[in-house]
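Chemist: Quick one: this structure, given as structure tokens, is what I'll be asking you about.
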Amino acid sequence: MLIRNDPQSPFDTPCTQRLIALENVLRQHSDSSITISQYQKVLEQAAINVPTTRTLQEDLRRYGRYCDDVVYGDNAKKLRLDPDATRDAVIWLLGVPWLESPLRPRLSSACVRCLLLAKELKAEVAINYSALRKEGKPWVPQEIVGIPIRPIPGADAGYFQLHIAASDPRKIINLSRIQRFVSFTGQATDGYVALTPEPQFVFTLEISEPSLLNRLVAQFAGLKKENKNRAVMHVEKSLRRMTIDMLKSHLQRTKSDKRQVQATTLKINDNVSIQIEQV
């Protein structure tokens, strides 16, 4: 998603250095824009050799071909970001097949790239966010401020964990509920309390069918087999809910019998149950 994190940049070394400097400035807001003269100043401030204007223009065209959220060309005098572009974010977070899904989530590539840059730079961001509506309350955007920590896997959308200034400093947001805008606040982060290690939970899967257990252990790297009917998995607190949801969804899709999956949190079906204990 970011050139600085691309293990195989499609550009030569000088161009890659210039475009990383461009990203470091441009991606601090999900709706940024930049002109050639501003790009030239960015390079000068980063002590990078400034090539000809023609090369700078070609840099912006290259960057536009690399990113789905970049609008540049047709004699445009500046490059701008489109917060409504979603292709790169969907592919990066969920995979190419999701592009054809009728339930393709609205994941802004520009917002995700801003969060990823803030994560690398340990910078504070402000997010325009619509949380799930509570009964009797209006569904209106709210501002969430924090330092992005890491992406969180999900089966239906993309998620990000934030370090926020609160008694419970970890917060997970659904990226599809961001209302187009993310931006660096420019504020110092010295006031954030250092995060303590997350609580660890151990999942114990009790499965009466050894063949099913073998299949799960072979498919999911985190599962470790203890005996023919039991496997365990160690999971951080922030991954607990997503892990349960994805495992239950997988077993529902692949079960071969006609029995209904139980509605309780820890019961998968008549043959599979999950026990969760905090370490």
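Chemist: Which value, to two decimals, describes the C-alpha radius of gyration of region 5-118 once divided by 2.2 N^0.38 Å? Let's see the in-between values first.
Modeler: Values: Rg = 14.6 Å, N = 114, 2.2 N^0.38 = 13.3 Å.
Normalised Cα radius of gyration, region 5-118: 1.10.
Chemist: In degrees between 0 and 90, to the nearest 10, how far off the longest principal axis of the chain does helix 210-219 point, with axes built from Cα atoms?
Modeler: 10
Chemist: Ok, one more. Using the Cα centre as the reference, give the magnitude of the dipole from point charges on the C-beta atoms of region 16-66 (Lys, Arg: +1; Asp, Glu: -1; all else neutral), rounded to the nearest 20 debye.
Modeler: Approximately 140 debye in magnitude.
Chemist: First compute the accessible area of the chain with a 1.4 Å probe, then give the percent of it belonging to carbon and sulfur atoms.
Modeler: On the way: 7600 of 15680 Å².
The C+S portion of the solvent-accessible surface of the chain is 48 percent.
Chemist: Additional query: Springs between alpha-carbon atoms under 10 Å, Gaussian network over the chain: tell me which of Lys171, Lys77, Lys137 tops the mean-square fluctuations.
Modeler: Taking springs between Cα atoms under 10 Å, the residue moving most is Lys137.
Chemist: Under the rule a/c < 1.5 gives rounded, and otherwise a/b versus b/c splits prolate from oblate, where does region 81-144 land using the Cα gyration tensor?
Modeler: Here region 81-144 falls in the oblate category.
Chemist: Put +1 on the Cβ of every Lys and Arg and -1 on every Asp and Glu Cβ in the chain; which of Ile144, Leu60, Leu93 then has its Cα farthest towards the positive end of the dipole?
Modeler: Among Ile144, Leu60, Leu93, the one farthest towards the positive end of the dipole of the chain is Leu93.
Chemist: Just name one of Pro7, Thr254, Ala76: the one whose Cα is farthest towards the positive end of the charge dipole of the chain (beta-carbon charges, Lys/Arg +1, Asp/Glu -1).
Modeler: Of Pro7, Thr254, Ala76, it is Thr254.
Chemist: Let me ask something else about it. Charges only on Cβ, +1 for Lys and Arg, -1 for Asp and Glu: so what's the dipole of the chain about the Cα centre, in debye to the nearest 20?
Modeler: With only Lys, Arg, Asp and Glu charged at Cβ, the dipole is about 520 debye.
Chemist: If I ignore ligands, DNA and RNA and count only protein heavy atoms, how much of Tyr192 is accessible to a 1.4 Å probe, in Å² to the nearest 10?
Modeler: Tyr192 has an accessible surface of roughly 40 Å² with all protein chains in place.
Chemist: In whole percent, what relative contact order does the chain give with Cα contacts below 8 Å and a gap of six or more residues?
Modeler: Reported relative contact order: 13 percent.
Chemist: Put +1 on the Cβ of each Lys and Arg and -1 on the Cβ of each Asp and Glu in the chain; which of Phe203, Ala221, Ile178 then has its Cα farthest toward the positive end of the dipole?
Modeler: Phe203
Chemist: Another one. Between the helical axis of 109-121 and the dominant principal axis of the chain, each derived from Cα atoms, what acute angle in degrees is found, rounded to the nearest 10?
Modeler: 90
Chemist: Given that compact globular proteins tend to follow 2.2 N^0.38 Å, what is the ratio of the alpha-carbon Rg of the chain to that value? Display every interim value, and only then the final one.
Modeler: Working: Rg = 22.5 Å, N = 279, 2.2 N^0.38 = 18.7 Å.
So the Cα radius of gyration is 1.21 times the expected 2.2 N^0.38 Å.
Chemist: In square angstrom, what is the accessible area per residue of the chain with a 1.4 angstrom probe?
Modeler: So the chain comes to 56 Å² accessible per residue, rounded to a whole number.
Chemist: Here is a follow-up. Just report the Cα centroid separation between region 70-91 and region 226-257, whole Å.
Modeler: 39
Chemist: To test your reading of the geometry: what angle, between 0 and 90 degrees and rounded to tens, separates the Cα axis of helix 13-26 from the longest principal axis of the chain?
Modeler: 80
Chemist: With 12 Å as the cut-off, how large is the P(r) tail for region 54-116, expressed as percent of Cα-Cα pairs?
Modeler: Values: 1332 of 1953 pairs.
So the portion of pairs separated by more than 12 Å is 68 percent.
Chemist: For region 2-46 and region 180-205, what is the separation of their Cα centres, given in Å?
Modeler: So the separation of the two Cα centres works out to 27 Å.
The values are calculated or read from the model by the stated rules, or taken from the named source; none is laboratory data. Every value quoted in this text rests on a predicted model; they were computed, and no experiment measured them. All Cβ positions, glycine included, derive from the backbone under ideal geometry; neighbour counts span all protein chains shown. Calculation scope for accessible area: heavy atoms of the full protein, side chains included, ligands and nucleic acids excluded. Shrake-Rupley method; radii C 1.70, N 1.55, O 1.52, S 1.80 Å.
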